[in-house]
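Report on the structure given below.
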Amino acid sequence: MQNLKIDNTLSGESVKEKAKKQIAEEIVSLEEEKVYRRGTVAIRDLISPAGLRIENNYIQLGDVFLRTIFVITYPRYIAVGWGMPILNLNITMDVSMFFYPVPSPIILKQLKKKVGALEAQITGDAEKGAARDPIHETALRDIEQLRDDLTQGVEHFFQFSFYVTVYAKDLDELNRTTEDVENIFGSKLIYSKHVLYQAEQGFTSTLPLGIDELSIAFNMNSSPIAASFPFISSELTSDDGILYGINRHNNSLIIFDRFSLQNANMAVFATSGAGKSYTVKLEVLRSLMMGVDIIIIDPEMEYQHLCEAVGGTYVNISLAAESKVNPFDLPRPVGQQISTEDVIRSAIITLKGLIRIMFGSLNVTEDSIMDRALKETYAKKDITPDSDLGSIEPPIMQDLLEVLEGMQGAENLVLRLRKFTEGTFSGLFNSPTNVNMNNQLVVFSVRDLEDELRAMAIYNLINYVWNIVRSERKKRILIIDEAWWLMTHEDSAKFIYALVKRCRKYYLGVTTITQDVSDFLRSPYGQSIVTNSALQLLLRQTPAAIDIVQKTFMLTEGEKYLLLESAVGEGIFFAGLKHAAIKVIASYTEDQLVTSDPKQLMEIEKAKKEYEEQMLK
């Protein structure tokens, strides 16, 4: 028995020694690993700032300055989404909300004391003969209502904390941003302050750690807290209008009537293949069902299939085509008190813009001669301020040439104009108009024109359409595809801008579509066209153009990346002050009519030929 006890003792000492040896080895291993890690670089070392400087009311984090703002009090009533003006600011910020549930019995006990105090105050004022105090009476009603709701379980009680940390590149920008945020809060009667000697605690409270180190809360029940929910998507559903697509935020329908806004203009920007023509053709198809007249300037013959399917008029404009549009045409006002002299003067100014595009430029002398020649050209056809525009025969380009030939100093103008009356381009502007506009859908195709002729042809077509629009007020939409062609010339860009500004008076909505976003928006007239378009549709953008798009439309970083990563037919839809992420969808029948996919179009043509052959048999 004694030997066994000794053996057990020795065994116990051996285990202890082994444990100590193992611990010593682990300590050595940890020290070695610590030495090794000291010379390695982790991800946090790469993304962390160089340093942190804590001041009394702000923090400098590397090269960035930040400050935390907290809310002190709220008004008696706050609307749903009251925080959206702050959240939609185009600045970098962190927002934290903390909710601390308070047991109902505790609050009911405190409210009971408060009711007693208010009733005593109201009764005392009545006994003294003092005038009633509406503030005390309103507070009493609110507290009684809250007591009932808490007792019935309709409402719950919380302490609510709301913090915003704003970031800036320098201290001046930080002060301006802080003032802007506090002013927005103040406009809603919400009183806020920024941190003082608690800058670090404020920064920590808005980090995604769930730690509230400021602990500045306000008593609030469930309903107003629910109104503080930040993730609210814009609803663009109305009783009237057409379906544009699906709201990607909440899968609701985006139904809108463009004529219900301050103007019916629309700007569509997207890269090639993003679905802009598909979207616009869908709008055309659905607008036709609502009785709207549609006029389209088609540069790539994309609308022909749709036009034929709905029985529209398809007009091919080219040097050899039979269809002609005379740039000297004048509007024929119906039931409007418009001076004939003003109509002629406007036509002369528009024609000079066309001639500048045709000739490249006009110097001061040439401009003066051309102005007098155009006036005499109209007079040659007895079109004067006393004429009846309903019974006139407009001149053509040949008449202008004949007038210029009889004018001194116009030799150079005559030489340049002959190319459009007798030379290569004589088939474009030197004939009376023979286009039939008596259809709900009219499409002008300029695909077969040379690139140097497209801008002037589109300019002439839009002027012709504008004359038609001014002759009769009617709900119409004018669609200008590849509108960047017109931004390459100042006169045409100025003309489109004037059209977009004035068209509302004639019940016309102008849709400008472009894939060359940079060139369009860098033009001062392009920026103005966007400003005067109440509807705007942004589909997928290229990295090269996204910065100017973000600046023009004041997009957030999230919206910027949404446009970069959008699939075909996805983007952002703006209607007035509202906007939402949109996904454009079509039924099978609509898709067959509006598709721009070459493979799908070939399959449709093949099926059409097979059907025709079968019918012949």
Could you please find all residues in segment 152-162 being at pLDDT 80 or above and surrounded by 12 or more Cβ atoms within 10 Å (Cβ to Cβ)? 155, 156, 157, 158, 159, 160, 161, 162
Give all pairs with beta carbons closer than 6 Å in which a residue from segment 442-453 that is closer than 14 Å to residue 428 by Cβ meets a residue that is basic (Lys, Arg); count only pairs at least 6 apart in sequence or on separate chains. 446/454
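Would you check if there is a residue in segment 341-357 being acidic (Asp, Glu), free of Cβ contacts under 8 Å to residues at least 12 places away in the same chain and more than 21 Å from residue 430 (Cβ to Cβ)?
Let us first name the residues in segment 341-357 that are acidic (Asp, Glu), namely 341-342.
The next check asks that each one be free of Cβ contacts under 8 Å to residues at least 12 places away in the same chain; those that pass are 342.
Now narrow it down to the ones that are more than 21 Å from residue 430 (Cβ to Cβ): 342.
Within segment 341-357 (the criterion being acidic (Asp, Glu), free of Cβ contacts under 8 Å to residues at least 12 places away in the same chain and more than 21 Å from residue 430 (Cβ to Cβ)), the answer is yes, since at least one residue qualifies.
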By residue number, the members of segment 64-100 that are more than 32 Å from the chain's Cα centre (by Cα) and either more than 13 Å from residue 161 (Cβ to Cβ) or at pLDDT below 85 (or both) are 75, 76
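Conditions (1) touching a residue at least 40 places away in the same chain (Cβ under 8 Å); (2) under 27 Å from residue 228 (Cβ atoms); (3) part of a helix (DSSP H, G or I); (4) in contact with a Phe, Trp or Tyr (Cβ under 8 Å, 6 or more places away or on another chain), marked per residue:
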residue: 100; (1), (2), (3), (4): yes, yes, no, yes
residue: 110; (1), (2), (3), (4): no, yes, yes, no
residue: 119; (1), (2), (3), (4): no, no, yes, no
residue: 135; (1), (2), (3), (4): no, yes, yes, no
residue: 138; (1), (2), (3), (4): yes, yes, yes, no
residue: 143; (1), (2), (3), (4): no, yes, yes, no
residue: 158; (1), (2), (3), (4): yes, yes, no, yes
residue: 174; (1), (2), (3), (4): yes, yes, yes, yes
Out of the residues in segment 224-257 meeting the condition of being part of a loop (DSSP other than H, G, I, E, B) and polar (S, T, N, Q), tell me which one is modelled with the lowest pLDDT. 233
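Let me confirm something: among 274, 320, which residue is in a loop (DSSP other than H, G, I, E, B) and crowded, with 20+ Cβ neighbours inside 10 Å?
On the way: 320 fails: crowded, with 20+ Cβ neighbours inside 10 Å.
Result of the check over 274, 320: 274.
Kindly evaluate residue 214 against the criterion of being in contact (Cβ under 8 Å) with a residue 24 or more places away in the chain, over 30 Å from residue 103 (Cβ atoms) and over 27 Å from the mean Cα position of the chain (by Cα).
Details: in contact (Cβ under 8 Å) with a residue 24 or more places away in the chain: yes; over 30 Å from residue 103 (Cβ atoms): no; over 27 Å from the mean Cα position of the chain (by Cα): yes.
Here the answer is no, as residue 214 does not meet what is asked.
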Residue check, residue 149 surrounded by 12 or more Cβ atoms within 10 Å (Cβ to Cβ) and in a strand (DSSP E or B): no
Residues that are in contact with a Phe, Trp or Tyr (Cβ under 9 Å, 6 or more places away or on another chain), of a type outside the set (A, V, I, L, M) and more than 30 Å from residue 538 (Cβ to Cβ): does segment 294-317 have at least one? yes
So which residues in segment 521-544 are in a helix (DSSP H, G or I) and surrounded by 21 or more Cβ atoms within 10 Å (Cβ to Cβ), if there are any at all? 521, 526, 529
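Residue check: is residue 386 outside the structural domain of residue 465 (by TED's automatic domain parsing) and either of a type in the set (S, T, N, Q) or free of Cβ contacts under 8 Å to residues at least 24 places away in the same chain (or both)?
No; evaluated as a whole, the condition is false for this residue.
The values are calculated or read from the model by the stated rules, or taken from the named source; none is laboratory data. Owing to the predicted nature of the structure, the values given are computational and were not obtained by experimental measurement. Neighbour counts are summed over all protein chains in view; Cβ atoms, including those assigned to glycine, are modelled from backbone coordinates with ideal geometry.
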